[in-house]
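The values are calculated or read from the model by the stated rules, or taken from the named source; none is laboratory data. Computed from a predicted model, the values in this text were never measured in an experiment. Cβ coordinates were reconstructed from backbone atoms using ideal geometry, including for glycine residues, and neighbour counts include every protein chain displayed. These area figures cover heavy atoms from the full protein model, side chains too; ligands, DNA and RNA do not enter into them. Shrake-Rupley method; radii C 1.70, N 1.55, O 1.52, S 1.80 Å.
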2 protein chains.
Amino acid sequence: MNLYSAPADWIWSGRYVITEDAQQRVIANGAIAIRGARILAVGTKAAIDAQYQARQRLDRPDAILAPGLIDTHTHAAMSLFRGIADDKNLQDWLERYIFPAEARNVTPEFVSWGTRLGCLEMLLGGTTTFTDMYYFEDVVAEVAKEAGMRGVLAETIIGFPSPDAKTPAAALASTEKYLARFRGDPLVVAAVGPHAIYTNSDETLKAARALANRYGAPLVMHLAETKKENDDQLAKRHMTATAALDSLGVFNGRTVAAHCVWVNGADLRILKTRGVGVAHCPSSNTKLASGIAPVTKMLALGIAVGLGPDGPASNNDLDMFEEMDLAAKLQKVATMDPRALPAATALEMATIGGARVLGMEKEIGSLEPGKLADVITVRLGRPNAVPVYDPVSQMVYALKADDVADVMVNGRAVVRNGRCLTLNEAQILAVAQEYGEKISRSLRGSPARRVP
Amino acid sequence: MNLYSAPADWIWSGRYVITEDAQQRVIANGAIAIRGARILAVGTKAAIDAQYQARQRLDRPDAILAPGLIDTHTHAAMSLFRGIADDKNLQDWLERYIFPAEARNVTPEFVSWGTRLGCLEMLLGGTTTFTDMYYFEDVVAEVAKEAGMRGVLAETIIGFPSPDAKTPAAALASTEKYLARFRGDPLVVAAVGPHAIYTNSDETLKAARALANRYGAPLVMHLAETKKENDDQLAKRHMTATAALDSLGVFNGRTVAAHCVWVNGADLRILKTRGVGVAHCPSSNTKLASGIAPVTKMLALGIAVGLGPDGPASNNDLDMFEEMDLAAKLQKVATMDPRALPAATALEMATIGGARVLGMEKEIGSLEPGKLADVITVRLGRPNAVPVYDPVSQMVYALKADDVADVMVNGRAVVRNGRCLTLNEAQILAVAQEYGEKISRSLRGSPARRVP
């Protein structure tokens, strides 16, 4: 103890601190000091210990400390539909399974338990911020706060009767109430979620943009996910989906666009010019055979690109470590260049890059003094984790969601040694299993079809 | 207890038993009875309990029982090179990192510790059989037996001085001794491993085939991994790599060919006609940007196709769950058909399909009476594992290597509740870390390059 040391609430130390700062510093035998919701200092353990006196500390001499992972696109409540319909073509998947399952099952209670299950999986796997789009998003926001997790949470606006709104006008009205309710929340950024160009009228899309801008809220939507989506717009308007949305003014404000698989050079220039952030979803895009987004081109143009697992009905999990690994491998094989999307870039997409997509890069995404304290520790003590030649490579190609030991969000420890401190795991798993049985019964002929 | 019940050594029961038998039966509330090294019976738990009286039992009411996973291609000892050189083009990777690292570090001791580390990771992740190709393969065989793991283990024959042989002739001679030594072993199938067509003379390749056939041993090799390999053969012989090997008679006997990325229709017919088994390595092929093997075409032709993680220097792990998941997703996006390579096929490739690749489908790869007892349990009690609509989909798309709880090989429990009973985990991790530091020192300028 040093008489001149400054007070801190926490010191966390580890074998390596991956900062994701502008210099991409990795500090061996590093530590961070935290006070309240924010990071006070980042440095070697020796320097931090000399400067700060902490009320509590967590020393992980055999772990990596890294910024919390940022999921830029998911539908967390769909965890309750995990694996309900695989290996289907998209039309079958949507019309025969997902839409009927949603129509028969999605209630506020479903959303609360589905989101709890999703938040539990995400937190245990090192995700500290999730970008969500679903129905009853106010319920999602309440669960995020209960979990102690950060979220950019978009209420869905869609052109047909949905579980929480009979019309787009009703959805817009309830979205406005939702935006007002969560304004200024320390964990929740309420957002506007017009589902896609092909599920909304032009008027609704424009109204969604106007609403978002009135509240300074981000607009979250799907964009150019499938070839059909883009082809249909080309047939209808002689414009790509991206150009059509731009011509409607939908990108005039903070926009998070998920997928962006079917984008040409002109589309990419639009995304760059308008500052649209892209949520790349490699697991979902491969599993649904949507295609491979031109991520290396986006990055070369300086477009902000993050990663998202999409919903667990098309993945079938919420595992950002797998998204990092797959994003890198997919771009390599798609470009036939093993240097494409290296590990450092994949980890950047999952951290500070994701923060840029959300327009939150001044607050989260890296371990730097003054930023919000969203931090994870990742163990290096399992057979898949040794030896370590490069901690960044290890994070992307060798470590797993299950190697995450501890998670802090906004200065609060929410996972400790692989156990969630905020959510009741046993209860959530039991309720989720009950929902699975109930949902199975609601869908004739689909569930557990190979089990006698 | 039933007076008329037959004795068994073990009964294992679970919520689902995935049999991978010819009917692909999944038995709810199922069990298997085991005596000695073999499975006595498979059925409902009620039926098995009524028929058999076991000395020991393992009841996992919240787990899947499945056949042990079969890895059809790896270089396990390269676990010590995990992450040593990522995101490089293949020539750089091989010539600037892997070959120098091997020349300076590969000794029998290196191979024994590297293989221990690999076996530990594989067993904890549910792999019960591995197909290996490396140097000092007798050491690999000894470690496999120490771990209680099944292996098809091929001594490398290569046309330049290697860590264990100065010439191909010396390698052939020591391979013969190795084949003789392990003949009839209950766990080890000793095999002949001519590295590839581009690293061996035609004479060596023919001699390797003849040697394998003299001992009834499989021949394991790399085939058509990169475009360059195939293009070079086309330039040299006006034949593809596959046709060239066929013309040399290399496929006249049991052959396990890894990769097979660059194969045309005629090549596929050769593989089918000669009964060559294919080890598909999706992680390695994407990470090294080798390409995407035409797996759906191979399967349509009835070629036996299994899965392999390849070595941890090009993956960077030994995780068969990730290979299943990636194999399915990669074929879907490559063919733009989400129905391509469904979950059931991916799991088949990792079990009975892999057994077919090795010519061992009468002994392993499914849970059926009379077969060797290679069995795993996979927990359904984690947030990524619920709900369960289809246990086969869950295995492929949602469950992780870390969800494996118990592993039995050849009737012997070798992993219990996530702990390896045969290998000393703490010691192996400590020695591996020491090797990492030593190997780093042996390679100027390459290791931990982002760490100050």
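Structure values in brief
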{"quantity": "Inter-copy spacing of A:ASN252 label points, which lie 7 Å from Cα along Cα→Cβ, given in nm from shortest upward", "calculated": "7.7"}
{"quantity": "Solvent-accessible area buried by B and A, counting both chains, probe 1.4 angstrom, square angstrom", "calculated": "6200"}
{"quantity": "Helix axis angle, B:137-147 relative to chain B longest principal axis, alpha carbon, degrees", "calculated": "20"}
{"quantity": "For chain B, share of DSSP beta bridges that run antiparallel, in % to the nearest 5", "calculated": "45"}
{"quantity": "Chain A Cβ-axis minimum, rotational copy B, residue and distance in Å", "calculated": "A:ASP402, 2"}
{"quantity": "Shielding by partners - mean other protein chain Cβ count within 10 Å, residues of B:281-292", "calculated": "4"}
{"quantity": "Folded to 0 to 90 degrees: helix B:425-442 orientation relative to chain B principal axis, Cα", "calculated": "10"}
{"quantity": "Number of partner chain Cβ atoms within 10 Å, mean per residue of B:83-93", "calculated": "6"}
{"quantity": "Between 0 and 90°, nearest 10: helix B:108-124 axis offset from chain B longest Cα axis", "calculated": "40"}
{"quantity": "Dipole of segment A:114-209 [Lys/Arg +1, Asp/Glu -1 at C-beta], most positive-end residue of A:THR115, A:VAL139, A:ALA173", "calculated": "A:ALA173"}
{"quantity": "Pairwise FRET efficiency - A:ALA169 versus B:MET336, Cβ, R0 = 30 Å, nearest 0.05", "calculated": "0.20"}
{"quantity": "By average C-beta atoms within 10 angstrom, highest first, the peptides B:77-83, B:22-28, B:341-347", "calculated": "B:77-83, B:341-347, B:22-28"}
{"quantity": "Segment A:28-65 and segment A:136-180: distance between their alpha carbon centers, rounded to Å", "calculated": "38"}
{"quantity": "For B:28-36, mean number of other protein chain Cβ atoms within 10 Å", "calculated": "1"}
{"quantity": "Copy-to-copy label separations for A:ARG419, where each label sits 7 Å from Cα toward Cβ, in nm and ascending", "calculated": "1.8"}
{"quantity": "Convex hull of Cα atoms in the protein assembly as shown, direction-averaged projection (nm²)", "calculated": "36.1"}
{"quantity": "Threshold 10 Å², segment A:390-411 residues less accessible with all protein chains present than alone (1.4 Å probe)", "calculated": "A:ASP390, A:PRO391, A:VAL392, A:SER393, A:GLN394, A:TYR397, A:ALA398, A:LYS400, A:ASP402"}
{"quantity": "Unit charges on C-beta of K, R, D, E only; dipole of segment B:69-358, Debye", "calculated": "820"}
{"quantity": "Probe 1.4 Å, accessible area per residue of segment B:69-358, Å²", "calculated": "28"}
{"quantity": "Cross-link partners of A:LYS227 among lysines (Cα-Cα below 19 Å; sequence separation of 8 or more within a chain)", "calculated": "A:LYS88, A:LYS236, A:LYS287, A:LYS297, B:LYS329, B:LYS332"}
{"quantity": "Lys/Arg +1, Asp/Glu -1 at C-beta; segment A:69-358 dipole; positive extreme among A:GLY151, A:PRO163, A:LEU268", "calculated": "A:LEU268"}
{"quantity": "Low-density loop cleavage sites - trypsin sites (Lys or Arg not before Pro) in segment A:396-445, where at most 14 other Cβ are within 10 Å (DSSP)", "calculated": "A:ARG444"}
{"quantity": "Centroid-to-centroid separation of segment B:409-441 and segment A:189-240 [C-alpha atoms, Å]", "calculated": "52"}
{"quantity": "Computed [θ] at 222 nm, helices only, for chain A once each DSSP H run of length n ≥ 4 contributes -39500 (n - 2.57)", "calculated": "-10500 deg cm²/dmol"}
{"quantity": "Dipole magnitude of segment A:139-271 about its Cα centre (Cβ charges: Lys, Arg +1; Asp, Glu -1), debye to nearest 20", "calculated": "260"}
{"quantity": "Share of carbon and sulfur in the accessible heavy-atom surface of segment A:69-358 [1.4 Å probe, %]", "calculated": "54"}
{"quantity": "Furthest towards positive pole of dipole, A:PHE130, B:ASN230, A:SER366, structure part the protein assembly as shown, Cβ charges", "calculated": "B:ASN230"}
{"quantity": "Residues of type lysines that B:LYS177 reaches as a straight line, Cα spacing below 21 Å, ignoring anything fewer than 8 places off in the same chain", "calculated": "B:LYS145, B:LYS166, B:LYS206"}
{"quantity": "Dipole in debye (nearest 20) - the protein assembly as shown, about Cα centre, beta carbon charges: Lys, Arg +1; Asp, Glu -1", "calculated": "100"}
{"quantity": "Percent of beta bridges antiparallel (DSSP, the protein assembly as shown, rounded to nearest 5)", "calculated": "45"}
{"quantity": "Segment B:35-57 residues near the modelled B:TYR4 label - backbone nitrogen below 15 Å, point 7 Å along Cα→Cβ", "calculated": "B:47-53"}
{"quantity": "7 Å along Cα→Cβ, label-point gaps from A:GLU434 to other copies, nm, shortest first", "calculated": "5.4"}
